[in-house]
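Right, one structure below, let's go through it.
Bear in mind these aren't lab numbers, they're just calculated from the coordinates by the rules spelled out. Given the structure is predicted, the values throughout are model-derived calculations rather than measurements. Neighbour counts run over all protein chains shown; Cβ positions are idealised from the backbone, glycine included.
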Amino acid sequence: MISLILCAAGSGERANLPVNKIFYPLEGMPVLCRSLSAFAPFADEMLVCCRAEDEADILPLLSPYENARTVRGGATRAETVRLALEAVSGDIVLVHDAARPFVTAKIIRDCIESVKTYGSGVCSLPATDTVVFTGKGYETPSRDHIYTVQTPQGFRTDRLRAAYAAALCAGACDRFTDDSGLYAAYAEEPRLFRGDRCNVKLTYPEDFTPAARVGFGTDTHAFAHQDEIDRGIARLNLNYIKLCGVAVPSDRAIEAHSDGDVPVHALMDALLSAIGERDIGYHFPDTDPAYAGADSMKLLERVMKMVHGGGFSVKNASVSILCERPRLSPYIENMRNNLRAALGCEAVGIAAGTNEKLGYIGEGRGITAYATVLLK
């Protein structure tokens, strides 16, 4: 029988969230439920260690899990696990941080198999950063034998109980922030197995911010008729159109309040949507004389300041331009170079195509662009 001790008795203060981090919705599901769901196929019982003040909010979340119940946690991590061990029924116990919701089925299986084979199984990864010991000089030990420890950590229940009992008698329980360290001190050297870098513990505010954001934008402009050009409605020179800041020779102008740079407008909308801002019509309205004939590449600079101000940068961008004419292929590389410089990103793709003579694009009455961006 396999028991799970899910440690959820902390306050989550370091996350600086309006609620305890275990209740924070992660893609529509509370962090606690994501962790429970990961272990549900493997555990015969699941004990959720919690604070008294959180229990009323936790109990409704356990309803989908018939084998889950709450136990009161202690003032420290070690005390919480020691108290939970008194209620454990299984001969194998897995201890896991509720704030590690990205644990995989492979990790859980590997943990269980390690306990069955070796008596213990501790999820860990080889250290990649240099480790420094300070206090008595400055020592940098070799990374060859340095590991970072994650959860779950699995043990034969009787052995872990005995280790905790010995540590309690020695008055040393609270020296340990990790079960494997206590087990090593009062039982035997635990067996390590390889974890996963995605199996992170959510601790600080930035851990709850998406690592990447996707944005999508589109823009369309009509080609102007000669009478509109004569009346000054079309803002562009009749001999070229602006695309990604490049003057592309054209026998028709574009109807626009600004310079009519369609792909840049689509790109700006994609960037603004990715950071949760309103579109370019809100930020640069075509009713404002200040933007008459405006250089769209300059407006893109302003949008990029908003992106950087939100703590993001561009990882890659993709732009697709649809028009029947003029032919764009000779100008694509210059367009890409302009966008690379403006976005501060090398991974910029631009595709250009026709609409096979169909619709307003195929009839040569307009031009449309689509853009997607990935922010990091």
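Annotations
- Note that the chain shows a convex hull volume over its alpha carbon atoms of 207 Å³ per residue.
- Extension gain for residue 196 to residue 53 (0.36 nm times residue separation, less C-alpha to C-alpha distance): 48.2 nm.
- Set of lysines with alpha-carbon distance to residue 298 below 16 Å, sequence-local pairs under 8 removed: 242
- Peptide packing: for 302-310, 252-260, the average count of neighbouring Cβ atoms within 10 Å per residue gives the ranking 252-260, 302-310, highest mean first.
- Under the Debye formula (equal points on every Cα, no solvent term), log10 I(q)/I(0) of region 99-208 at q = 0.13 Å⁻¹: -0.59
- Tilt relative to the chain, helix 332-343 - C-alpha long axis, 0 to 90 degrees, to 10: 50
- Calculated P(r) of region 2-205 - Cα pairs past 30 Å, %: 19
- Between region 306-368 and region 61-78, the Cα center-to-center distance that results, in Å: 53
- Calculated FRET efficiency for the pair residue 117/residue 325, C-beta based, R₀ 56 Å, to 0.05: 0.20
- Beta bridges by DSSP in region 248-376, antiparallel share as percent, to the nearest 5: 55
- Spin-label pair residue 91/residue 63, simplified geometry with 7 Å Cα→Cβ offset, distance in nm: 3.7
- Residues with amide H under 5 Å from that of residue 193, placed H, sequence gap 5 or more: 122, 123, 124
- Fraction of beta bridges assigned by DSSP in the chain that are antiparallel (%, nearest 5): 60
- Region 191-215-region 105-131 distance, computed between alpha-carbon centres (Å): 17
- Amide H contacts for residue 148 (H built 1.01 Å from N in the peptide plane; partners 5 or more residues away or on another chain; cut-off under 5 Å): 125, 127.
- Annotation: amide H of residue 46 within the under-5 Å range of 4, 68, 69, sequence separation 5 or more or interchain, hydrogens built in the peptide plane.
- Share antiparallel - DSSP beta bridges, region 1-127, percent rounded to 5: 10
- The share of alpha-carbon pairs in region 251-360 lying farther apart than 18 Å comes to 53%.
- Kirkwood radius for region 131-174, taken over all pairs of different Cα atoms as the inverse mean of 1/r, rounds to 13.7 Å.
- Length gained on full extension, residue 174 to residue 72: 35.0 nm, using 0.36 nm per residue less the C-alpha separation.
- Gyration tensor over alpha-carbon atoms, region 43-149, equivalent ellipsoid semi-axes in Å: 32, 19, 13
- Here the label points at residue 351 and residue 134, each 7 Å from Cα along the C-beta direction, are separated by 5.2 nm in the simple model.
- Phi angles of region 351-356 translate, via the Karplus equation with coefficients 6.51, -1.76, 1.60 and θ = phi - 60°, into HN-Hα couplings of 10, 10, x, 9, 10, 6 Hz per residue; Gly and Pro are given as x.
- Going by neighbour counts of Cβ atoms within 10 Å, the residues 265, 283 line up, fewest first, as 283, 265.
- Computed from backbone phi with θ = phi - 60° and the Karplus coefficients 6.51, -1.76 and 1.60, the 3J(HN,Hα) list for region 186-201 is 10, 9, 7, 5, x, 8, 8, 9, 6, x, 9, 5, 6, 7, 8, 9 Hz; x is used for glycine and proline.
- The chain: calculated mean residue ellipticity at 222 nm from DSSP helix runs of at least 4, using -39500 (n - 2.57): -8500 deg cm²/dmol
- Taken one residue at a time, the phi angles of region 269-286 give Karplus couplings (6.51, -1.76, 1.60, θ = phi - 60°) of 5, 5, 5, 5, 5, 5, 9, x, 9, 6, 7, 5, x, 7, 7, 10, x, 6 Hz. Gly and Pro are set to x.
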